[in-house]
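To start, the structure itself, in structure tokens.
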Amino acid sequence: MNDMQNRVNELHDLLNQYSYEYYVQDNPSVPDSEYDKLLHELIHIEEEHPEYKISDSPTVRVGGEAQSTFEKVSHDTPMLSLGNAFNEEDLRKFDQRIRDNIGKVEYMCELKIDGLAVSLKYQNGRFVQGLTRGDGTTGEDITENLRTIHAIPLKIKEPLNFEVRGEAYMPRQSFMNLNEEKENNGEQPFANPRNAAAGSLRQLDSKLAAKRKLSVFLYSINDFTDFEATTQSGALDELDQLGFKTNHERERVSDIDGVLKYIEKWTAQREKLSYDIDGIVIKVNDLEQQDEMGFTQKSPRWAIAYKFPAEEVVTELLDIELSIGRTGVVTPTAILEPVRVAGTTVSRASLHNEDLIHERDIRIGDSVVIKKAGDIIPEVVKSILDRRPDDAKTYHMPTHCPSCNHELVRIEGEVALRCINPKCQAQLIEGLIHFVSRQAMNIDGLGTKIIQQLYENNLIKDVADIFYLTEDDLLPLDRMGSKKVENLLEAIHKAKSQSLEHLLFGLGIRHLGVKASRVLAEKYETMDRLIEVTEEELVGIHDIGDKLAQSVVTYLDNEDIRALIQKLKDKNVNMTYKGVKTTEIEGHPEFSGKTIVLTGKLEQMTRNEASQWLQMQGAKVTNSVTKSTDLLIAGADAGSKLTKAEKFGTEIWTEDEFAIKQKEINNE
Ligand code: IVH
């Protein structure tokens, strides 16, 4: 081996070792600067001599090329979820069921990490593929993002082939730093560490994912063939030995009372952890006994998740403000003395509507109990009556909109009050925020604060104005450097080419959600055709109900809206559908109408490419082999799907056979 290769190997070993010490053992042996120095040396070598760069080099920790999509991949075995227990009674029932079936058992208690389930595949001891849970059967390939997580070993000590599963999460400190940065940039902060972790792992640009400091705890091995463990605790110990990060707060207990003690301990101490947990997972420790208990359709019978009750805290209700949504609904919002609940500081909580305030007899000045519904959305549960001050004030909703002063109306059958003035400023701002949001035109960098400033400075009054913004308009705004302006204008420019369904959804037509926007865009293809459409015709479309049909036609019939559409067209905002037509593809007779499954590793194309090409030919590409599957295309190392197809007598092609057919058709 030459000197350069030796040095590269040495750098790999040192960098992997330092990552392990720092991120898995929490016990670094060298300062960060030493790691950075060696990493830069390796980056430099790889730049000068790309032949030394391998896919699992420690330089992948900084991220690589951005991807355009995440490939969908089926799991070797489904990623199931767990049954829930909410109290002692549920837990005792679980224990009874286990003992009725298999007698006395030992339990493993683990913290239930509040993050995202991931599956990591190792081949020959190298990390080769990482997937999200997805729908449990099929996940998304997020390998590049997972490689940036230092706690995930890129290479382990033994050349084993197996899959480990665990929970990726964002430590509280990383979450707080990230949100502070977001707020400084005028961007919407994440609601909690779990959402932040999910958002980070769904970044198509792994360089961005690398900046989000994520970690992982592994909790199970999916294929035990190369392992000696006969218990869950043994399996976790073996994972530790191999260099994986497991959670060390786990405890083996001999009965359900031990489980209850463990729960009590962590209910009291969870706030002290440096990461969020949302419960405790209890597993039968012995693997053979686990097998005996088996699985239901959705979850193992040998494990259960105890969910912590939503945390409740007491604070003071300082005031009630009204917020006006994009559709004019006026919602009373509680302004609270800031208080920490379930991991974040809460200073506002929705009170939903006036009826609820009176039903719960909530008054301004009261001490109130707050909790987070689903641990996410803050909610006022009740007032504490015996702490009510003498001057507590009963609240009455105003009769006029606090933003535009137009009279508020209560629409029949609805509890909500609405401002029906189409020119109401608060509604217009909310509408603008909706227009730029991710599922609509997805204009990055145009946060709430910037929109408010632009609106207040008369620079945008309707959504089309966004496309008329110039550098001179943006530069004078607060916290706007020239680089930010450049990025923002670029994002606005990019949004002009969004496919029609994003524009439709962004316009905020009442009752028109993401799915129906796509249905309409796909069916009518252009805005001009959609404008011509009648209510009767729309009602005839599957997925479009009466209310929606009426709302779309009334909206598009409006003169002001026609003018708005023209104003968008004048700036070359795309008005056509650009997605794949799922309904009207004629395709190629060889594939049209056939149900096809792809499996195994493809070498000449990605699975995504193969799938898209097949769909263009009119085929339906599905994930699992059933009796109605017409064809299985099997790449290398195909597993259970191949066996199943053989059993059903399904036609099977190799990747080569498929590639030859593909070439023939492409050349026709
Ligand atoms: S065991 C068959 N152990 O909780 C599923 N899950 O529904 C086996 N989770 O999404 C899961 N911490 O990702 C297990 N120590 C732990 C866990 C854990 C968090 C998540 C898991 C799953 C959910 C359970």
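Brief remarks on what is shown
- Selection count, segment 436-467, where residues are in contact (Cβ under 8 Å) with a residue 60 or more places away in the chain, surrounded by fewer than 14 Cβ atoms within 10 Å (Cβ to Cβ) and touching an Asp or Glu at 6+ places or on another chain (Cβ under 9 Å): 0
- Residue in segment 228-239 that is β-branched (Val, Ile, Thr), in contact with a Lys or Arg (Cβ under 9 Å, 6 or more places away or on another chain), under 21 Å from Phe70 (Cβ atoms) and within 15 Å of the ligand (Cβ to nearest atom) present: no
- Number of residues in segment 372-412 that are among the basic types (Lys, Arg) and under 26 Å from Glu430 (Cα atoms): the value is 2.
- Flag if Thr69 is in a loop (DSSP other than H, G, I, E, B), of a type outside the set (Asp, Glu) and within 12 Å of the ligand (Cβ to nearest atom): no
- Each residue in segment 525-555 was checked for being closer than 16 Å to Tyr577 by Cβ, in contact (Cβ under 8 Å) with a residue 12 or more places away in the chain and more than 33 Å from the chain's Cα centre (by Cα), and 3 of them qualify.
- Residue among Val415, Val380, Val409 that alone is modelled with pLDDT of 90 or more, within 30 Å of Asn558 (Cα to Cα) and either assigned to a strand (DSSP E or B) or among the β-branched types (Val, Ile, Thr) (or both): Val409
- Criterion (within 19 Å of Ala549 (Cβ to Cβ), at pLDDT 90 or above and not small (Gly, Ala, Ser)) met by exactly one of Leu504, Leu475, Leu469, Leu488: Leu504
- Matching helices (runs of 4 or more DSSP H) fully within segment 470-524 where at least 2 residues are under 26 Å from the mean Cα position of the chain (by Cα) and farther than 29 Å from Gly328 by Cβ: 482-495
- Restricting segment 240-280 to residues that are under 27 Å from the mean Cα position of the chain (by Cα) and of a type in the set (A, V, I, L, M), the residue that is modelled with the highest pLDDT: Ile280
- Tyr219 being among the aromatic types (Phe, Trp, Tyr), more than 12 Å from the ligand (Cβ to nearest atom) and not in a loop (DSSP other than H, G, I, E, B): no
- Criterion: outside any loop (DSSP other than H, G, I, E, B) and without any contact (Cβ under 8 Å) to a residue 60 or more places away in the chain - qualifying residue of Ala638, Ala563: Ala563
- Whenever a residue of segment 237-251 is within 17 Å of Gly125 (Cβ to Cβ), its partners that are assigned to a helix (DSSP H, G or I) and more than 12 Å from the ligand (Cβ to nearest atom), lying with C-beta atoms within less than 6 angstrom and at least six residues away or across chains, give the pairs Gly243/Tyr20; Lys245/Val24.
- Check on Ser33, surrounded by 17 or more Cβ atoms within 10 Å (Cβ to Cβ), polar (S, T, N, Q) and assigned to a helix (DSSP H, G or I): no
- Some residue of segment 369-377 being at pLDDT 90 or above, surrounded by 14 or more Cβ atoms within 10 Å (Cβ to Cβ) and in contact with a strand residue (DSSP E or B) (Cβ under 9 Å, 6 or more places away or on another chain): yes
- Counted residues, segment 244-271 - those being closer than 15 Å to Asn87 by Cα and within 15 Å of the ligand (Cβ to nearest atom): 4
The values are calculated or read from the model by the stated rules, or taken from the named source; none is laboratory data. Bear in mind the structure is a predicted one, so any value in this text is a computation, not a measurement. Positions of Cβ are generated from backbone atoms using ideal geometry, with glycine treated the same way; all protein chains shown enter the neighbour counts.
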